[in-house]
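Notes follow once the structure below has been shown.
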Amino acid sequence: MPNNNSIMSRLPLFLILFFLVGLVIYLQWPKAEQKERKFQRIVSVKVTTVKLSDFKDSIEAIGTARANEQVFITSKYSDLIEQVFFNDGQLVKQGDVLVRLNNQEELAKVSELEANLSESMAQLKRFQELLSSKATSKSLVDQQEAKTKAIAAQLKSARTKLNDLSIKAPFDGVLGFREVSLGAYINTGDVITSLDDLSLIKVDFTLPERFLPTIKLGQPVTALNTAYKNQQFVGQISSIDTRINPVTRTLKVRAEIPNESLALRPGMLLNIEVLRKVETLLQLPESAIIPIENKHFVFIINGENPQEQTAIRKSISIGRRLPGIVEVLDGVNTNDLVVTEGALKLRDGAKVKVLNPLDNLNEENQEE
């Protein structure tokens, strides 16, 4: 009986002790579990290799394409169109006859003057022979010589007008739409068609004046147009304006782009990229950079064994930017593996699983 009382008296003490032990275990268990989970969690990431690549320092501008040479074909005289020798959009060479106006009157005039000139020259020759034998006077010879020169000048003028009645292409190019018809009467200055030399495209664009020291003749340019999304047109700067626009503080620049395929047409809007300098330096994709306030960080993969690789956070210094690319000044070395996808899930020292192994990266670099 006393034994039972002793046990009963000690029971609250056992309960309190058991409660305290359980409380301690409860308080300690989450930390241990959290710590274990922290080191057991593996984050899947994608990486890239830090490498030296060409960094193109360029300027972008917008310009409008224009033909190397462009002109509206017109007539110097008013007359009926007797013949038409071209079609819309035809390629022509310099000197090709496009339209011939009615030239019957000029042909007759040229024939008449040619006959008169032949007779006058023959008469002049007889007078010169008589003068050598002193059978005529010097004044008669001079009069006949003047008459011959006058007829020759009239003949030259008639031939020029006859030639102008045949309207020709002034240079090689592509014709526009035909604006006249056979048999139509045209007045002086009426447009017959247009002619464009598309073998070379000129494009004028403006740049801020601060870029003047880095712009020079022969500098390469690249042009893009929405009609040819995946095609680049390469040319070079051909001239630089001698003056800065005092209102906009911009410099006018002209570039020439070869256009043998005739893909570019006058009036097209072109996005121009002027290449200033190409440097070889360290660069990373923008997706690898983690900005925190005014600092930038990346995660470097540490360890060669895929089962034991961890992500180490490192501070870096960045420089210039291009679309999708950032220049790295300091903080990483060549051939470091940098996380490009999954970095937001990482903490310093976290275990990682690389989804694109180093072998695959090497193959991608060789393809590039």
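Of all residues in segment 84-123, those satisfying the criterion of being exposed (fewer than 14 other Cβ atoms within 10 Å of the Cβ) and either over 25 Å from residue 151 (Cα atoms) or touching a Gly at 6+ places or on another chain (Cβ under 9 Å) (or both) are 87, 88, 89, 91, 93, 94, 95.
Go through segment 98-140 and report how many residues are free of Cβ contacts under 8 Å to residues at least 60 places away in the same chain, closer than 29 Å to residue 192 by Cβ and not polar (S, T, N, Q). Show your work before the answer.
Taking segment 98-140 as the starting set, the residues that turn out to be free of Cβ contacts under 8 Å to residues at least 60 places away in the same chain are 104-140.
When the remaining residues are screened for being closer than 29 Å to residue 192 by Cβ, the result is 104-111, 113.
After this cut, where a residue has to be not polar (S, T, N, Q) as well, the list is 105-110, 113.
So the answer is 7.
Candidates are the residues of segment 50-70 that are among the β-branched types (Val, Ile, Thr) and surrounded by 15 or more Cβ atoms within 10 Å (Cβ to Cβ); the one that is farthest from residue 268 (Cα to Cα) is 50. Residues of segment 81-104 that are of a type in the set (A, V, I, L, M) and either outside the structural domain of residue 177 (by TED's automatic domain parsing) or in contact with a Ser or Thr (Cβ under 8 Å, 6 or more places away or on another chain) (or both): 81, 84, 97, 98, 99, 101.
Looking across segment 268-295, the residues that are modelled with pLDDT of 85 or more, more than 14 Å from residue 319 (Cα to Cα) and not acidic (Asp, Glu) come down to 268, 269, 270, 271, 272, 274, 275, 287, 288, 290, 292.
Counting just the residues of segment 266-299 that are among the β-branched types (Val, Ile, Thr) and touching a strand residue (DSSP E or B) at 6+ places or on another chain (Cβ under 9 Å), which one comes out nearest to residue 173 (Cα to Cα)?
Keep residues of segment 266-299 that are among the β-branched types (Val, Ile, Thr), which gives 272, 274, 278, 280, 289-290, 292, 298.
Still in the list and also touching a strand residue (DSSP E or B) at 6+ places or on another chain (Cβ under 9 Å): 272, 274, 278, 280, 289-290, 298.
Values: 272: 25, 274: 28, 278: 37, 280: 43, 289: 52, 290: 55, 298: 57 Å.
The qualifying residue nearest to residue 173 (Cα to Cα) is 272.
Kindly evaluate residue 215 against the criterion of being surrounded by fewer than 16 Cβ atoms within 10 Å (Cβ to Cβ) and of a type in the set (Val, Ile, Thr).
Values: surrounded by fewer than 16 Cβ atoms within 10 Å (Cβ to Cβ): yes; of a type in the set (Val, Ile, Thr): yes.
Spelling it out, residue 215 is indeed surrounded by fewer than 16 Cβ atoms within 10 Å (Cβ to Cβ) and of a type in the set (Val, Ile, Thr).
Would you pick out the residues in segment 290-310 that are over 41 Å from the mean Cα position of the chain (by Cα) and under 12 Å from residue 337 (Cα atoms)? If the condition is that a residue be over 41 Å from the mean Cα position of the chain (by Cα) and under 12 Å from residue 337 (Cα atoms), then 302, 303, 304, 309, 310 are the ones that fit.
In this structure, does residue 263 turn out to be closer than 19 Å to residue 226 by Cα and either touching a residue at least 24 places away in the same chain (Cβ under 8 Å) or not in a strand (DSSP E or B) (or both)? Spelling it out, residue 263 is indeed closer than 19 Å to residue 226 by Cα and either touching a residue at least 24 places away in the same chain (Cβ under 8 Å) or not in a strand (DSSP E or B) (or both). What pairs come up if the first residue lies in segment 68-94 and is in contact (Cβ under 8 Å) with a residue 24 or more places away in the chain, the second is surrounded by fewer than 13 Cβ atoms within 10 Å (Cβ to Cβ) and not in a loop (DSSP other than H, G, I, E, B), and their beta carbons are under 7 Å apart, counting only those six or more places apart or on different chains? So the pair list comes out as 80/185. Regarding residue 169, is this residue at pLDDT 85 or above and in contact with a Gly (Cβ under 7 Å, 6 or more places away or on another chain)? Yes; evaluated as a whole, the condition is true for this residue. Would you check if residue 72 is at pLDDT below 85 and not aliphatic (A, V, I, L, M)? So residue 72 fails the test.
The values are calculated or read from the model by the stated rules, or taken from the named source; none is laboratory data. Fair warning: this is a prediction, and the values are worked out from it, not measured in the lab. Ideal geometry is used to build each Cβ from the backbone, glycine not excepted, and the neighbour counts take in all protein chains shown.
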